[in-house]
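Just so you know, all these numbers are worked out from the coordinates, no wet-lab data involved. The shown structure was predicted, so the numbers you read here are calculated from the model rather than taken from an experiment. A quick note on method: Cβ atoms are made from the backbone with ideal geometry, for glycine too, and the neighbour counts reach across all protein chains shown.
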Amino acid sequence: MGNRFKCAAAIGILIFVQAFTAVAQPAPSSAPVAQGIQIGPGDLIEVTVFGQNDLTGRFRVNEKGDVLVPLLGSLHVAGMTADEIAMNLNDRYIQGEILTPGQAHVTVFVSEYATQGIRVNGEVKSPGVYPALGVRMLYDVLSAAGGLTLTASSKITITHKNAPESPMTVEYDPEATPPTIPQVQILPGDTIMVPRAGIVYVAGNVAKTGGYILEGERPLTIEKLMALVGGGGHGAGMDHAHLVRTLANGSREDIEFSVNRIFKGRAPDIVLKDGDILYVPTSRIKLVTEQAIGSAVGLGTSLLLYRVAVQ
């Protein structure tokens, strides 16, 4: 019976971890369509003029943002999209009487984006710059970066190269198995930032120790957190709990307080912050408590993580 319980618990933990680390297929929901990709130096474009093989070819954009095209010479294309380049060439061939309106039919395809990779920062397993041969989907890029970490926030920020002043925020459901990533287009030169979610650690004589990831619109307090952990265990020193908080200068502050007084409304509830450690002792012996708090601080991310959605 004991072995069955351990096996079931292990499977449950494995499923929990997979739910956080996997990157899912996109959700069947509508998403904003990104603007056209702008051409930059080093990119390779493929120009096709229907029925005119001598005007068709592949051209590399130089460092000035120009390309040399047959019969027209130098053409500045940096900052233009493929469709805009095609329209420009079409008009120039007609204006130069190289082609008649009935003959002019130009298409442009970007064969290679040389330097406009997609940057992925934050809580992914392998942050860095990833090549983009065109428009990619958010879940593809996150998969290439190794997937999300356990401490990833449920809100992802995307900054498009063409609109750096207007970053967009995309939310996903980390509770889904696997997490559901919305359909969002990512362009060459874009940046994806996956912030770290706030975490509060709980140790000592409580029903469920662990790291609780702060999610939701409302703050998490001691009273709410104690409800989430299932309360104190047998013989818990609820009147002598400790809150270990890291200050701005890096030092730690140990605040002793009474959980029971908060429950009874005789003491103000405490709003928790990222990095806080709640420790509920069994014994009031100072040495034992200090050693236990030190151990709790050292546990770090080795604790099992739980997500907290405070609405």
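Around the amide H of GLU112, modelled in the peptide plane, lie the amide H atoms of LEU44, all under 5 Å away and 5 or more residues distant in sequence or on another chain.
Entry for segment 94-166 at q = 0.12, 0.25, 0.26 Å⁻¹: log10 I(q)/I(0) = -0.50, -1.21, -1.26, Debye formula applied to identical alpha-carbon scatterers, no solvent contribution. Database remark: amide H of VAL206 closer than 5 angstrom to the amide H of GLY233 (H placed geometrically; neighbours at sequence offset of 5 or more, or on other chains; Pro and chain starts carry no H). The Cα-based radius of gyration and maximum Cα-Cα distance (Dmax) for segment 172-257 are 18.0, 59 Å.
The Cα atoms of segment 44-112 define a convex hull whose projected area, averaged across directions, is 4.1 nm². The phi-based Karplus calculation (6.51 cos²θ - 1.76 cosθ + 1.60; θ = phi - 60°) puts the 3J(HN,Hα) values of segment 246-253 at 7, 8, 4, 7, x, 6, 10, 10 Hz, whole numbers, x for Gly and Pro. Return the subset of LYS64/LYS125; LYS125/LYS224; LYS125/LYS155; LYS125/LYS273 for which the Cα-Cα distance in this structure is over 28 Å, preserving the input order. Pairs exceeding the cut-off: LYS64/LYS125; LYS125/LYS224. Label positions at LEU72 and THR221, each projected 7 Å from the Cα along the C-beta direction, are separated by 6.7 nm.
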